[in-house]
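For reference, the structure I am asking about is given below.
The values are calculated or read from the model by the stated rules, or taken from the named source; none is laboratory data. The model shown is predicted, which means the values in this text are computed figures rather than measured ones. Here Cβ is always computed from backbone atoms with ideal geometry, including for glycine, and neighbour counts include all displayed protein chains. We work out accessible area using only protein heavy atoms, side chains counted, and drop any ligands, DNA or RNA first. Shrake-Rupley method; radii C 1.70, N 1.55, O 1.52, S 1.80 Å.
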Amino acid sequence: ASILREGEPLGSFYGFIFDGVYQDQAEVDAIDDPGATVGGVKFRDTDGDGDIDIDDRVIIGNPQPDFQWGMTNDFSYKNFDLSFTFQAVQGVDVFWITKYNLLRPTEGTNLLIDVLDAWTPENGSNSMPALDQEPGEMSTRYIEDGSYIRLQNLTFGYTMPKPIVDKIKISNLRFYFSAQNLFLITDYNGYDPEVNSRGGTDTVSSENLFLGIDQGAYPGVRTYTLGLNATF
């Protein structure tokens, strides 16, 4: 799924461009594609030679983001304080292996809801092939936009007034509520776009090559904390 090629971003995704589903025999006969069947996946003839083969594979995604940004703010009003941190990534692609696996009825697993739109003679879907025609080739069908905005941290606190803490022989007392990973805004259909299922499992070189791959990686957890800070 990933390729190291001079002049291209490190770990670029490599495969076929999905071009719909063969709707009838006339479409199958119009191109030299040894795997072409009615109801099967159609790949783009990128080199224009009239047939579909491995030479039609191209760069189909980039796991390197266009840019990343973050924002941290701290506010206070009288005895109240509020702080938060946003984290965001824009223009990054993710190879969702889970989708690759869960579109195949032969795998013996649960399936994605997409299979309900599978091509049949009565349902001429141009996005989901017939259930027995799911290809094994890497293509743009499994590449998704992994851009996101995440509220990484939010903390709200209240510091007790000085006259009150003086009465209980404490110099400072602050109550607070904190939340991590409070919400995520993304169009990605997997659990979490901030993912790398292959990182740290092999050599350093392959960690750099196999980026942005989601093979059912565990998503970031959301945590809530109530606490107090006391100074005696």
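Scan region 59-77 and give yes if some residue there is hydrophobic (A, V, I, L, M, F, W, C), touching a helix residue (DSSP H, G or I) at 6+ places or on another chain (Cβ under 8 Å), more than 27 Å from Ile185 (Cβ to Cβ) and without any contact (Cβ under 8 Å) to a residue 60 or more places away in the chain, otherwise no.
Within region 59-77, none of the residues are hydrophobic (A, V, I, L, M, F, W, C), touching a helix residue (DSSP H, G or I) at 6+ places or on another chain (Cβ under 8 Å), more than 27 Å from Ile185 (Cβ to Cβ) and without any contact (Cβ under 8 Å) to a residue 60 or more places away in the chain.
Can you name the residue in region 135-151 that is under 17 Å from the mean Cα position of the chain (by Cα) and open to solvent by 40 Å² or more (accessible area, probe 1.4 Å) and, of all such residues, is farthest from Phe43 (Cα to Cα)?
Applying the filter and picking the extreme gives Ile149.
Determine, yes or no, whether Thr106 is polar (S, T, N, Q), open to solvent by 50 Å² or more (accessible area, probe 1.4 Å) and under 30 Å from Thr37 (Cβ atoms).
Against the criterion (polar (S, T, N, Q), open to solvent by 50 Å² or more (accessible area, probe 1.4 Å) and under 30 Å from Thr37 (Cβ atoms)), Thr106 qualifies.
For residues in region 1-56 being within 20 Å of Glu144 (Cβ to Cβ) and of a type in the set (S, T, N, Q), which is most open to solvent (accessible area, probe 1.4 Å)?
Ser2
Mind counting the residues in region 94-120 that are more than 22 Å from the chain's Cα centre (by Cα) and in contact (Cβ under 8 Å) with a residue 60 or more places away in the chain?
Residues in region 94-120 being more than 22 Å from the chain's Cα centre (by Cα) and in contact (Cβ under 8 Å) with a residue 60 or more places away in the chain: 2 in total.
With the checklist (1) at pLDDT below 95; (2) surrounded by fewer than 18 Cβ atoms within 10 Å (Cβ to Cβ); (3) aromatic (Phe, Trp, Tyr) in hand, flag the one item Trp96 doesn't pass.
(2)
Right, something else. Is it the case that some residue within region 79-90 is at pLDDT 95 or above, of a type in the set (D, E, K, R) and surrounded by fewer than 18 Cβ atoms within 10 Å (Cβ to Cβ)?
Yes.
Further question: Please state which of the following conditions Gly91 fails to meet, knowing it meets all the rest: (1) more than 30 Å from Gly157 (Cα to Cα); (2) free of Cβ contacts under 8 Å to residues at least 24 places away in the same chain.
Of (1) more than 30 Å from Gly157 (Cα to Cα); (2) free of Cβ contacts under 8 Å to residues at least 24 places away in the same chain, only one is false for Gly91: (2).
For region 29-49, which positions are in a helix (DSSP H, G or I) and touching a strand residue (DSSP E or B) at 6+ places or on another chain (Cβ under 9 Å)?
none
Given the structure, is Gly7 among the small types (Gly, Ala, Ser) and either part of a strand (DSSP E or B) or over 31 Å from the mean Cα position of the chain (by Cα) (or both)?
When the stated conditions are applied, Gly7 does not pass them.
Quick one: count up the residues across region 122-134 that are open to solvent by 40 Å² or more (accessible area, probe 1.4 Å) and either closer than 23 Å to Asp53 by Cα or in contact (Cβ under 8 Å) with a residue 24 or more places away in the chain (or both).
6
Just give me the residues in region 152-184 being over 30 Å from Ile213 (Cα atoms), open to solvent by 70 Å² or more (accessible area, probe 1.4 Å) and without any contact (Cβ under 8 Å) to a residue 60 or more places away in the chain, in sequence order.
Answer for region 152-184, where residues must be over 30 Å from Ile213 (Cα atoms), open to solvent by 70 Å² or more (accessible area, probe 1.4 Å) and without any contact (Cβ under 8 Å) to a residue 60 or more places away in the chain: Lys162, Pro163, Ile164, Asp166, Lys167, Ile168, Phe175, Phe177.
Turning to a different aspect of this structure: Could you give me the residue pairs with C-beta distances under 6 Å whose first residue belongs to region 208-229 and is in contact (Cβ under 8 Å) with a residue 60 or more places away in the chain and open to solvent by less than 100 Å² (accessible area, probe 1.4 Å), whose second residue is assigned to a loop (DSSP other than H, G, I, E, B) and aromatic (Phe, Trp, Tyr) wherever it lies, and which are 6+ apart or on separate chains?
Going by the 6 Å Cβ cut-off, there are no qualifying pairs.
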